[in-house]
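Everything on this sheet refers to the single structure shown next.
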Amino acid sequence: MDVIKESLLYEKLKEEKVRCNTCERKCIIPKEKTGFCKTRKNEDGKLYTLVYGDVGLFTDANPIEKKPFFNFWPGSYALTVGTWSCNFGCVWCQNFHMSATPPNPQESNYISPERFIELVKLYNCQGTSISFNEPTLLFEYSLDVFKLARKEGFYNTYVTNGYMTLDALKLLKKAGLDAMNVDVKGDEEAVKKYCGGVDVKKVWRNIETAKKLGIHVEITTLVIPGVNEDEGCLKEIAGKIRKIDKNIPWHVTQYYPAYKALDYGLYPGRTPVETLEKAYRIGKESGLNYVYAGNVPGHKYENTYCHNCNEMLIERFGFDVVTYKVTKDNRCPVCKEKIPIVGSGGVSKEHAFF
C-alpha cells in the first residue's frame, strides 16, 4: 500500500514552493524537497505526506498510565502506534530510534485505519493512542483512525509536543480526539536551546485552546537538572497551568540521559527523586490539584488523592492501577467531592502482547 498521500494543510506559493501548515514550523518547501520533519515532500507544487499509515513502532496494548494519562480512563488500555522523525530536535529524546530516523516509503510498515481498529477490538483495548514520536506527523492518518474509532465507541489520544497549528488541532478535535498529553519541556530559553529553536508560547496557546475545545489535557515535564529543574522554571510552568485550569494534571517525570544528552553536557544520571519531590511541592503550592511524579514506581506521588480531603483514591505501582476507589459518579467516597476524571476507571488487567 502506498503511504504517500497529499497533505491536507498546505498552501501553494510562487515558483512551485509550498508552505506546510500542519505544525507551527510552517516550513516553506521547494520543489522535490522535504521540510524540517522530513515526512512531507513537495512534488510538482503539491505537498505529500510520506508516512500515512507507516507504523514505525506497533506495540502491545499500552496501559493508559504509560502515556501518561492518570485522570483519563484510569486502568484502561490503548493500542498505540507511532511513525518516523520529528518536528522538534530535543537532544535528550528517549525515543530517538524513531524520532531521529527519516521515513523510507519503500520500506514502510503500512497498517490501514480499518485494520488498526480491528486490532483495537482484537486486543480488547478501550481506545487508540498516537505516540512515541510526534503524532502530528501522522496527522492525516490520525483523522481517519479517529473517525472510525469514534464510530466504534473507542476513545482517541495524542501524546504530543503540542506544536500543531490551530487548524490541525481543530480538525483533530472534529475527527474525535478526546485527550492530549502535552510535553512542556521547559521555559522559553530552554526549549529554544535544546529542542530545535521552537517557540514554547505556541505550545501554551494550544493547551489553552484544547481545553476550550473540550479536549482532556494532561501535561508532562521531563525534569532535567541543569535545564529546567530550577525553582523559577518550575514555578513558571506550574503557574501557567494554574492560569488555564487547576485541574490539569502535571506529571513531573524522571529523566535519564539518552540520544545526544551527554554530548551537550547534560546531567549524566537519573533525575534525583528529591528534585521530583521539589517539583511536586511547587506544583501543589502553585494551586494545582493534581501533580504526579513519574518514572519512580512505588512512590506515593504516583497516586491520585482527593483535592478536597486528601483521601487516596487511586493507588498505582508504575503503570498499574492497584486500587481504585473513585465512585461510579466520579466522587470521593469519603467527602463526596466531585473528582475531575474522564471515564470509568478500574484496576489494570492483563492484556495480550504482539
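Could you tell me which of the residues V326, V321 is modelled with pLDDT of 95 or more, crowded, with 18+ Cβ neighbours inside 10 Å and over 27 Å from V223 (Cα atoms)?
Just one listed residue meets the conditions, V326.
If you take just the helices (runs of 4 or more DSSP H) that sit entirely in segment 126-237, which of them hold at least 3 residues that are farther than 21 Å from T83 by Cβ and among the β-branched types (V, I, T)?
The qualifying helices (runs of 4 or more DSSP H) are 200-213.
When segment 293-326 is examined, which residues are found to be free of Cβ contacts under 8 Å to residues at least 12 places away in the same chain and over 29 Å from Y256 (Cα atoms)?
N310
At least 1 residues that are more than 26 Å from L122 (Cβ to Cβ) in each: list the strands (runs of 3 or more DSSP E) lying fully within segment 7-99 that qualify.
10-12, 18-20, 40-43, 46-49
Which members of segment 216-231 meet the condition of being touching a residue at least 24 places away in the same chain (Cβ under 8 Å) and either in contact with a Ser or Thr (Cβ under 8 Å, 6 or more places away or on another chain) or surrounded by fewer than 20 Cβ atoms within 10 Å (Cβ to Cβ) (or both)?
Correct list: T220, T221, L222, V223, I224, P225, G226, N228, E229, E231.
On the basis of being of a type in the set (A, V, I, L, M), surrounded by 13 or more Cβ atoms within 10 Å (Cβ to Cβ) and part of a loop (DSSP other than H, G, I, E, B), does L313 make the cut?
no
Looking at segment 91-112, I want the residues that are within 23 Å of N295 (Cα to Cα) and have a partner that is of a type in the set (V, I, T) and exposed (fewer than 15 other Cβ atoms within 10 Å of the Cβ) with Cβ atoms under 7 Å, at least 6 apart or on another chain. Which pairs are those?
Listed pairs, sorted by first residue: none to list.
Among the residues of segment 32-43, is any out of contact with any Gly (no Cβ under 7 Å at 6 or more places or on another chain), exposed (fewer than 15 other Cβ atoms within 10 Å of the Cβ), free of Cβ contacts under 8 Å to residues at least 12 places away in the same chain and of a type in the set (D, E)?
Within segment 32-43, one or more residues are out of contact with any Gly (no Cβ under 7 Å at 6 or more places or on another chain), exposed (fewer than 15 other Cβ atoms within 10 Å of the Cβ), free of Cβ contacts under 8 Å to residues at least 12 places away in the same chain and of a type in the set (D, E).
F69 versus (1) within 30 Å of I314 (Cα to Cα); (2) surrounded by fewer than 20 Cβ atoms within 10 Å (Cβ to Cβ): which is the lone unmet condition?
Single failed check for F69: (2).
If you take the residues in segment 1-22 that are touching an Asp or Glu at 6+ places or on another chain (Cβ under 8 Å) and closer than 23 Å to D199 by Cα, which one is surrounded by the fewest Cβ atoms within 10 Å (Cβ to Cβ)?
R19
So is V51 in contact with a Ser or Thr (Cβ under 6 Å, 6 or more places away or on another chain), surrounded by 20 or more Cβ atoms within 10 Å (Cβ to Cβ) and either among the β-branched types (V, I, T) or modelled with pLDDT of 95 or more (or both) or not?
The answer is yes for V51.
Is it true that G298 is at pLDDT 95 or above, touching a helix residue (DSSP H, G or I) at 6+ places or on another chain (Cβ under 6 Å) and surrounded by fewer than 19 Cβ atoms within 10 Å (Cβ to Cβ)?
Taking the combined requirement at face value, the residue does not satisfy it.
Could you check how many residues of segment 201-220 are closer than 15 Å to E189 by Cα and either not assigned by TED's automatic domain parsing to the domain that holds A293 or not basic (K, R) (or both)?
So the count comes out to 2.
Restricting attention to segment 238-266, report how many residues are charged (D, E, K, R) and in a loop (DSSP other than H, G, I, E, B).
Counting residues in segment 238-266 that are charged (D, E, K, R) and in a loop (DSSP other than H, G, I, E, B) gives 4.
The values are calculated or read from the model by the stated rules, or taken from the named source; none is laboratory data. These numbers were taken from a predicted model, which means no experiment stands behind them. All Cβ positions, even for glycine, are placed from backbone atoms using ideal geometry, and neighbour counts span all protein chains on display.
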